[in-house]
Structure formats: structure tokens, C-alpha cells
Amino acid sequence: GAVGGRGRGRGRGRGANARSDIGAGDRAAGSPAASVLQRPLKCAHCSAPCDVHEQFQFGPRPEVFLCPLCRFKLMDPLNAVVEPHGMLHHAAVSQSAKLDFKIEVPDLRQWRRDSLSIQVRMVKVSASKLGHVWPHTMNFSANGGEIFSVLPPEDGHKRRDVPQDISGQLRVGRNAISVKVNDERPNDFVLGIVLTAPCGIPELRAQVGRCEDEEALDRVRRILIGQRKAGASARADEIVCLAPDKLKLMCPITMDRVVEPVRGRECQHLQCFGLEAYLTSNRQMRAFNNRWVCPVCTLILRPRDLVFDKYCSDVLAASTDDVEEVLIDAARGSWSSTSAARPHHGGRAPSPDSDIDEVDLASPSPMLRAMPPAQTIPSLALPPASVPVPSPRGSRLGSAASSPAASSPAAAAAAAIFINGRSPASGKRKAAIAAGVVLSAVALEECEPVAKVPPRAACFAPFGKRQRPPNA
């Protein structure tokens, strides 16, 4: 089938001054530079020499260069290359933009039973980011039949390149593969066919390192002191971004307290995020090359680039659940709560402009608290308490509304409004709704269960489907 075309949704935007991914967790491929380095380059992961094309220039940091084989293996932590013979074939695309080769897969049936997959992956040698990249267009065929093709991106849209699973289109034994590439620089690409196994959360969790007590404490001091020195030495016309001496205990992914706090080895911020939330969110992300981005500083962080932060874990264990951030003493590394926790209602703080702050339904006579004086109940034209509230014929609400439990002026006014189906004046709308709350509370407390104020449609039930009550 065809691959490419219009992408689903938009990728993560990066500003003009966005920080480079090179050397920060990704350890990607090196960046083009003006200076030409001697070939071959040494891979930063496997230390093997890699002979690159003469027209490509890498630097000024060759220590972050990764060979194509390591890129194929480190590209997708969710589908790890099976060791030691998971690299079935790899080849650099020549200037002729065509590849013809054969691969042997005698154990294909067993691989399928073991939930293993054969994937086609491609990397761009001169790219500065570790990711999967297709050429402008490509045709991939096996045994004389086309398996998939890569289409050019649509105008104004970014194509999302994803490795292709070809397990179902191969046959047991020898397979003849033919690849045709169309790109301005075809020899910038290397194609790989790999055998992969799916990795679950336990396998990904095992790749995470640890940052123990002393190391974690030294890191906190070093970050805070370094930020203060940078601010003190900055010129008057310079803008220096300084993070506050606060450690946030809320996960930026779940917006809840962090569970299993982790961060990147190279991250320069104090805040951590939840490990399982990070792994789960990346497993559910369909944009392959947008995965594994730090939710705090946007560095590329695959599971092998993460560490458990013992300092943050100790703060979470020693603080109460209602503390969202703590203040850190940069000199000693100690921490203290910034302020007393405020009560939250359903995970959200009440609005300061709210008309009704609290209703005490536990008291014998529920009363509204902190209601604005301009919207109090006495401003309504209330009927006498002894006069029964009119109700539709056959409805049981009238008896409940005229009972002693509903004899308060506020309850009578609210009952009249809700039964007759009339809306109060705009200036008294909030007060009438508040009175309805009182009526509902009183009815639930002292009246029959059927005395709860029903919706307007329930008042029409005794009169049939089409008939309406008087004055409705």
C-alpha cells in the first residue's frame, strides 16, 4: 500500500530559538558543519568506525555520531531489534537510486507465532536527529510484487514517516527484494530490514537508570547555584531565563502528584514526571518521530536516557498529598513547603467570582453562605407561607411544597417558580436557583422521596402526552 501523503494532525512546533536535540538524551547523528573531519567516523554507541560519503561533513561534535546500524537498533524502543541476529540486511542507497538483494527467512512461521515482526527502516546519514526518514518517493517490492510505496508529501503538509511491517508479505525461505528510490540525494539514505520484538512497560522500565541520594542532591545544588551565577554575570542587555528555587511535585502529563519521578540524564530542570505516564503516552502516540520528548524541556528522552530521581522521590514521600510544590534551599539542599494547601473541589479550586461558595446540607435548615447581598432571597416577591403553592392537577409536588418542611419563604418561592415553569427575572435568576437548592435539600431531609423537585417535563406527565397544565 501507499505510505505518506497528508499527515494526521500537526507535529510539535519548534520556535526559531529552540534548543537543538544534539547531545541531549538523543545522542543522535551529529550536525553538518563547515569543518571537514577525517573519515571514518567513530560511532558513539558501538565505537565501530563508519565510513561516510565524502560530500557529507560532520562536526563540530563527532562524539555524538551514530552509525546507521546503531540508529536502526535505537530508533524504536517499543519494537526492539532482536539480538544478536536481528539485523537481517542493511545497505546504503547508491547514486543509481536502486537496490536489489535477497534475504533468507527460514524461520518465518515460528517468528510469526512468537509475535515477532520484520520491519523496513530507513535513516538519513546526514540527519541531526535519530529518527526514521523516507526519501521523497520509494517503491519496495518482494518476489516480483510491490509491497508498499512511499508517496511525496502533500503541499502544505508534513509527512509522518513510520517503519513498515512486511512480515505478512514475505514467504518462508529466500525472498528477492527490489527497492527504487527517488530523491535529490539518494546516497544520503541507508535501508535496513530488521527482526523486532514488541516491548511492554516492564521491559521499558528496566532500561531506566537511577540517580541515588548524594548524586541527586549534588545535582540540585549545582543547577540552582549555576542559575544564580548565570544571572549575576549576565550583562544588562542580556536576557537570562532563571528557574525559581521551587520543585514542582505535579506531573506535567497527568496534572496529578508524580508517581515514580524520572527525568533525563541531561535535563537541566528540577521538575520530574511520572514514568508510567510518560511511557504510556508515548506508546499511544501515532506520530513516530514526535515520540520521546521531555514534557518539561523538549529534549529527546528514550527510556535508556531516563533516571529515577531519588531527591524528588524523598520529597514526595515526606510531604502530604495536598502539597504541589516545595521551596529548596540551594546552599543546603533542604526543602520546605511554600504555603498551606488550599482545599480543592473535584481537583479544581473554586472561582473567586462564584456566587455561592458553600452550602451546608448537613444542618437542619440549610443556609447559603457568602451570598452577595444584592441577590438575597428577600428581594423576591414571596407568597405568604400559609398559602399553598399551586401545582398541576394530580401532581404530588404540591402537597410536598406546602408541607411544613417547605414552609420557608425561600422554599415556597422556588417551588412556585419551578412548578409553573416560569423563569425568574434576569436580576433574580441566581437567587431563585439558590432557593431551589434550599428546597431540594429540605425535601431530601424531611419530605417523602417523591418530594424532590422534578424536571419540568415531569409536571406534564399527569395530563397526557399532548395536554399542558393551565398557565404553563
Out of T298, T254, sole residue that is open to solvent by 40 Å² or more (accessible area, probe 1.4 Å) and on the phi > 0 side of the Ramachandran plot: T298
The correct count of residues that are touching an Asp or Glu at 6+ places or on another chain (Cβ under 8 Å), surrounded by 17 or more Cβ atoms within 10 Å (Cβ to Cβ) and without any contact (Cβ under 8 Å) to a residue 60 or more places away in the chain in the range 139-171 is 1
Do we find a residue being within 27 Å of P303 (Cβ to Cβ), crowded, with 16+ Cβ neighbours inside 10 Å and among the β-branched types (V, I, T) anywhere in the range 206-218? yes
Which condition number does D114 fail, the rest of (1) at pLDDT 95 or above; (2) under 24 Å from A197 (Cα atoms); (3) crowded, with 17+ Cβ neighbours inside 10 Å being met? (3)
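The values are calculated or read from the model by the stated rules, or taken from the named source; none is laboratory data. Quick caveat: nothing in here was measured; it's all calculated off a predicted structure. FYI the Cβ positions are ideal-geometry reconstructions off the backbone, even for glycines, and counts take in every protein chain you see. Each accessible area value is taken on the protein alone, full model and side chains, heavy atoms only, with ligands, DNA and RNA left out. Shrake-Rupley method; radii C 1.70, N 1.55, O 1.52, S 1.80 Å.
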